[in-house]
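Values in this text are rule-based calculations from the coordinates and carry no lab data. Since we're looking at a predicted model, the values are computed, not measured. Here the Cβ positions follow ideal geometry from the backbone for every residue, glycine too, while neighbour counts run over all protein chains shown.
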Amino acid sequence: METHANHPRNHNANAFEFQTKVQPGAEEASWEWDIKTDVTTWSEQLYRIAGRHPQTTLPSFKEHSCFYTSDSWDRLTAATVRVLQTGQPYELELQMRRPDGTRRRVMGSGEAVRDAKGDILRLCGTVEDITDHNWQVIKAEEPESLVNDDYRISARLIQAQDEENTSTARELRDHICQKLCLLAVEIQGMAPAFPELTQRALIRLEQLWRNTAETVDDIDRLSHHLYPSKLELLGLPVAIGGLCREFASRNRISVECSCTDVVRENIGKGVALSFFRVLQEALDSVAKPSHALNVRVELIGSSRELQLRVSDDGAGLQPEDTKATASLGLIRMKERLRSIGGELEVWSAPTRGTRIEGRAPLRESLQ
C-alpha cells in the first residue's frame, strides 16, 4: 500500500522526489447517508483521511465522485446500488483523491439501516485508511531547467518520435527484411545449383544462411520495438499479452498478465501506443538489477478511463537509485501519459518491490 505526503516541489538535478509519511496505525472513520434527505454525514476522522476541513459542506452522495478516482467511484456506486436493491453489505478497497492531488488507499464498508417495516432508511459504514507507511511515493519530477514553455512541447516531440519510429520500422520490415530474405533463399539454393562445391564450401554456405536468417529475426525484433505492428492489427490487450510473454521468456521472470473490461473500440491509437510504451519502460526497469522473480501486469478499463498497473516483488527503488537512467525512464512514462491527458504514479518499498500505475481518459470520456 502507498503513503502520500504533501511536500513542496523539489526542483533539482535528480528527477525523483521520495515522500514518506509515517502513521502509527490504520485510522478508521465513519459515515452515514440519509436516503430521504440526501444528506451525508462524516466523522472528523473521515475528513482528516480525505484531506478536507471539518467545516467543509459535503455535496450530495451522487456528487461524491470528486472524492475518489474514477475506477474506485464506479465500483463504489455499483456496490451502493446492490445495497439498496438487495441489502447486501459491501467492503471494498478504494483510492481516495485528496484536494492536493495525493491519494489514499482506504477500505470502505457500507450497510443498510432499516425501519420496523424493513424499508431502508439510510446507509452507514466505515472508511479505514490502510495506506502503508512502509511504502514511498516516487514522483518523477523534471529538472528546473526543463520547467518552461519549451518543455511543454514534449507531447509534440513524442508524437514526432513515434512517427519517425513508425517510418523506420516499416522501412526495416518491408524493404530491408525482404531483401535479406531473398538473399537467404539464394544462399540456400546455391548447394543444389553447384554440385561441384566442396564439403567445406557447403558448410560455409550453411553458416551464411543461418547468419542471414538470424539477422532477419534481429531486424524484425528491432522493427517491432520501434513500432509494434501487432498493436494496430490485434489491439492493445493482445499486444500487451505478447509483450509480457516475450519479456518473461527473455528474462526468465514470471509475468502474470490480465486485462479486465477493456473494450478495444474505445481505445484510440494514441492511447494504445502510449500505454504500450509505458509498459515497455516499466518492464525494462524490472529487468534491471531489481532481483524480481514475479511481475503482475494489469490493464483495467472503466467507463471513463484506462489503467495500467505493473507490480514486482523485487528489491524496490532506493534513493541512491534515482539517478539519470532510472529518472529518465520515469520521466518518459510520465510525459507519455501526460501527452494524452493521463498521469503516472510510482510506489516502492525496500524488499517489497515497486508498483507503477498509469491512467488516462478513454476516447469517449473526452468527447
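One table, with the values for the structure above:
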read-out	value
Segment M190-S167, extension gain: residue separation times 0.36 nm, minus the distance between their alpha carbons	4.9 nm
Exposure proxy ranking, count of Cβ atoms within 10 Å, fewest first, for S285, S60, S339	S60, S339, S285
Distant-in-sequence amide H partners of Y68 (H built 1.01 Å from N, under 5 Å)	R97
Above-threshold pairs, the threshold being 31 Å between Cα atoms, out of K62/K269; K62/K230; K179/K288; K288/K334	K62/K269; K62/K230; K179/K288
Under-5 Å amide H pairs with T131, H placed in peptide plane, nonlocal only	R105
Rounded FRET efficiency, nearest 0.05, which uses the C-beta distance separating D119 from H225 and R0 of 51 Å	0.25
Approximate spin-label separation A287-A248, in nm, with each point projected 7 Å along Cα-to-Cβ	1.7
Value of Rg to Rh for segment 24-130 (Rh from inverse mean 1/r over Cα pairs, i.e. Kirkwood)	0.95
Per-residue Cβ neighbour rank within 10 angstrom, fewest leading, C66, C257	C66, C257
Over segment 148-226, equivalent-ellipsoid semi-axes from the Cα gyration tensor in Å	43, 10, 6
³J(HN,Hα), Karplus 6.51/-1.76/1.60, whole Hz, each residue of segment 196-204, x for Gly, Pro	7, 5, 6, 4, 5, 5, 5, 5, 5
Amide H contacts under 5 Å for C257, placed H, 5+ residues apart	V297
Nearest-0.05 FRET efficiency for D34 and T57, computed from C-beta distance (R0 22 Å)	0.90
Segment 230-366, relative contact order in percent, only Cα pairs under 8 angstrom and at least six apart counted	25
³J(HN,Hα), Karplus 6.51/-1.76/1.60, whole Hz, each residue of segment 266-275, x for Gly, Pro	8, 9, x, 4, x, 5, 4, 5, 4, 5
Ordering of 163-176, 222-235, 197-210, 299-312 by packing [mean C-beta count within 10 Å, highest first]	299-312, 222-235, 163-176, 197-210
Table column - 3J(HN,Hα) (Hz), segment 46-61, Karplus curve with 6.51, -1.76, 1.60, x for Gly and Pro	5, 4, 5, 4, 7, x, 10, 6, x, 8, 5, 6, 7, x, 4, 4
Theoretical FRET efficiency, 1/(1+(r/R0)^6), r = Cβ-Cβ of D261 and E214, R0 41 Å, to 0.05	0.50
